[in-house]
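This report refers to the structure that appears directly beneath it.
The values are calculated or read from the model by the stated rules, or taken from the named source; none is laboratory data. Worth saying up front: this structure is predicted, and the values here are computed from it rather than measured. Positions of Cβ are backbone-derived with ideal geometry, glycine not excepted, and every protein chain shown enters the neighbour counts.
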Amino acid sequence: MDIDKLVAIDIHTHAEVSCCQAHDPYAEEFDRAADRYFHSDRRPTIAETVAYYRERNIGLVMFTVDSETQIGRHRIRNEEVADFAQAHSDMMIAFASIDPHKGRMAAREARRLIEEHGVRGFKFHPTVQGFEPYDRFAWPIYEVIAEYGMPAIFHTGHSGIGSGMRAGGGLRLQNSNPMLLEDVAIDFPDMQIVMAHPSWPWQDEALSLCLHKPNMWIDLSGWSPRYFLPQLIQYANTLLKDRMLFGSDFPLITPDRWMADFGKAGFKPEVAPLILKDNAIRLLKL
């Protein structure tokens, strides 16, 4: 990344529509429920997303979510995201998503993506992928991530995916309680763990973990800053100012909206540059 030319780095953006494979219509009911929950059905292609961020001079970390075991839908290939990142290396980084149920095959894929495709981190969604972060079948992929010194983003807190569906689509919110990450943080102390989103209804648990475990971070994606709980802003302004990260959750929330609301949410002027860019530079080793 050409960090000097970027106004910010968005650590949390989604690859929603492939540019080279047909959309898998299986389990469309999850998409329709998400549309209702987020009041949005905007799903840009990967190329459209990159163009959107380039126009704004904002760097981005992009990933898809591999939930083939739990949802049964074909994923967007990690290689496609990585190819775009290589073509736009001045402002884009690729993270990979691999269903941890794939065990040692997941570990093999992770190693290949790092060595052959330049992937720089990994994304997990315990609710949508259907696992608890301390499940031992996920250990092989964690071992590869730790070996290469890569960060891992874990969805935490409530999920709009499945919200309003009968039985919540069978997805378990409890899997995304941030406290379930504690064993991972202890067993892999050199793996940087990013807790994605304000972790409601477990915001205090996430803050406590971040204070206690120096390899844990919080990305502020998925919510407009105008709705952040007071204690999140308090710790972002003080004890945790070096481990808070800007993330939008694009396309569900745009960086335009997030950054406009961020400026009015009560963050100290000297803290804003840390959250918007400097902390991500350290996390990503740029």
In the stretch 1-29, residue farthest from residue 93 (Cα to Cα) [restricted to those that are in a helix (DSSP H, G or I) and modelled with pLDDT of 90 or more] | 29
Residue that is nearest to residue 3 (Cα to Cα) [pool: residues in the stretch 36-51 that are touching a residue at least 60 places away in the same chain (Cβ under 8 Å) and in a helix (DSSP H, G or I)] = 49
Taking into account only those residues within the stretch 218-240 that are in a loop (DSSP other than H, G, I, E, B) and among the hydrophobic types (A, V, I, L, M, F, W, C), which is nearest to residue 155 (Cα to Cα)?
-> 220
Return a yes/no flag: does the stretch 52-63 have any residue that is in contact with a Phe, Trp or Tyr (Cβ under 8 Å, 6 or more places away or on another chain), modelled with pLDDT of 95 or more, surrounded by fewer than 18 Cβ atoms within 10 Å (Cβ to Cβ) and not in a loop (DSSP other than H, G, I, E, B).
-> no
Would you be able to say whether some residue in the stretch 163-170 is over 15 Å from the mean Cα position of the chain (by Cα), surrounded by 18 or more Cβ atoms within 10 Å (Cβ to Cβ) and of a type outside the set (A, V, I, L, M, F, W, C)?
-> yes
With respect to residue 79, is the statement that it is surrounded by fewer than 20 Cβ atoms within 10 Å (Cβ to Cβ), in contact (Cβ under 8 Å) with a residue 24 or more places away in the chain and either of a type in the set (Gly, Ala, Ser) or part of a helix (DSSP H, G or I) (or both) true?
-> yes
Neighbours by Cβ (under 9 Å, 6+ apart or cross-chain): first from the stretch 183-212, closer than 28 Å to residue 226 by Cβ and of a type in the set (D, E, K, R); second modelled with pLDDT of 95 or more and surrounded by fewer than 23 Cβ atoms within 10 Å (Cβ to Cβ) | 204/229; 204/231; 205/177; 205/179
Check the stretch 98-105 and report whether any residue there is of a type in the set (D, E, K, R) and in contact with a Pro (Cβ under 8 Å, 6 or more places away or on another chain).
-> yes
For the stretch 260-277, does any single residue satisfy the condition of being touching a residue at least 60 places away in the same chain (Cβ under 8 Å), among the charged types (D, E, K, R), touching a strand residue (DSSP E or B) at 6+ places or on another chain (Cβ under 9 Å) and within 25 Å of residue 6 (Cβ to Cβ)?
-> yes
Are there any pairs, at least 6 apart or on different chains, whose C-beta atoms fall under 6 Å, with the first in the stretch 1-29 and loosely packed, with under 15 Cβ neighbours inside 10 Å and the second aliphatic (A, V, I, L, M) and in a loop (DSSP other than H, G, I, E, B), and if so, which?
-> 27/71
Looking at 218, 161, 145, which is the one that is modelled with pLDDT under 95 and at negative phi?
-> 161
Checked against (1) without any contact (Cβ under 8 Å) to a residue 60 or more places away in the chain; (2) not in a strand (DSSP E or B), residue 120 satisfies every condition except (1)
Scope the stretch 154-199; condition part of a loop (DSSP other than H, G, I, E, B), charged (D, E, K, R) and farther than 13 Å from residue 132 by Cβ; matching residues | 190
